[in-house]
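Each reported figure results from applying straightforward, stated rules to the coordinates on display, with no laboratory input. Bear in mind the structure is a predicted one, so any value in this text is a computation, not a measurement. Heads up, the Cβs are rebuilt from the backbone with ideal geometry, glycines too, and the neighbour counts pull from every protein chain shown.
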Amino acid sequence: MKKSVAIVLTLVFVLVLSITSFAYPGMFLDSPSRNEAPVVLDVVLPNGCTAGIVITPYSERDSLSPEQLEIIEKAYESIKNADNVTELNEEFKQYIENLGIDPDNIAISDLFNIDGIGCENCGNEGAHTGFTITIEADTTNGFVGMLQYVNGAWVFIDNAKVNPNGTVTFKVDNFGPVAIAVDTGAEETPTGDITPWILIALIVVALAGLTIVAVNYKKEKVKE
């Protein structure tokens, strides 16, 4: 009997852990620590630029240079500690209001770093600006816009758009952290948060399991 109860409780405990591991604080739709890098499908470089565009997801931030790591961590913290995603940038806030979307429904679904390699002039002030990038990502469900962390502040990428095939094209003048903003009210979007219904379901599963064990135990006693 004790062994059976222990097994049931262990299974429930594992189930709870598997769900709570998806929960994340702040204004993120989900933990960016699990997201893979968006796939770069196309890049239009400025004249004379020979750079290769590299996208590093937040989950692989340790592979960045110390300077880049510090910047993306600051970008992450600013999102996590925000009272509302739209407060990150006034232009973005106005854009969301013009769309008629409830600001409380806006969340960040992805955070990644964009960098250029193989070009000595990239990153220099006034040199090689205007990188048009098309990406494919699993984090664009309910897409409403993109933000970029530049010099310690969030900038609204007002040219980002979703293409008919579901890819996203945007143009940036700087490298650094980029965040994808989505409307969680657009449709049923899994957030990873533990809702009361999930907790109730877990309790029901636990009680059902214990009931089954108790009934079987009584039957065994009667046979004896």
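Points to keep in mind about this one:
- Rounded D (µm²/s) - the range 117-161, Kirkwood Rh over Cα pairs, Stokes-Einstein at 20 °C, 1.002 mPa s: 165 µm²/s
- By the equivalent-ellipsoid construction on the alpha carbon gyration tensor, the range 85-145 comes out with semi-axes of 29, 16, 10 Å, ordered largest to smallest.
- Relative contact order %, the range 111-166, counting alpha carbon pairs below 8 Å whose residues are six or more apart: 19 percent
- Per-peptide average of other Cβ atoms within 10 Å, ordering 49-56, 135-142 highest first: 135-142, 49-56
- Projected-area average for the range 56-165 over all orientations - Cα convex hull basis, square nanometres: 8.1 nm²
- Fraction in percent of alpha-carbon pairs per bin - 10 Å, the range 27-76: 21, 42, 31, 6
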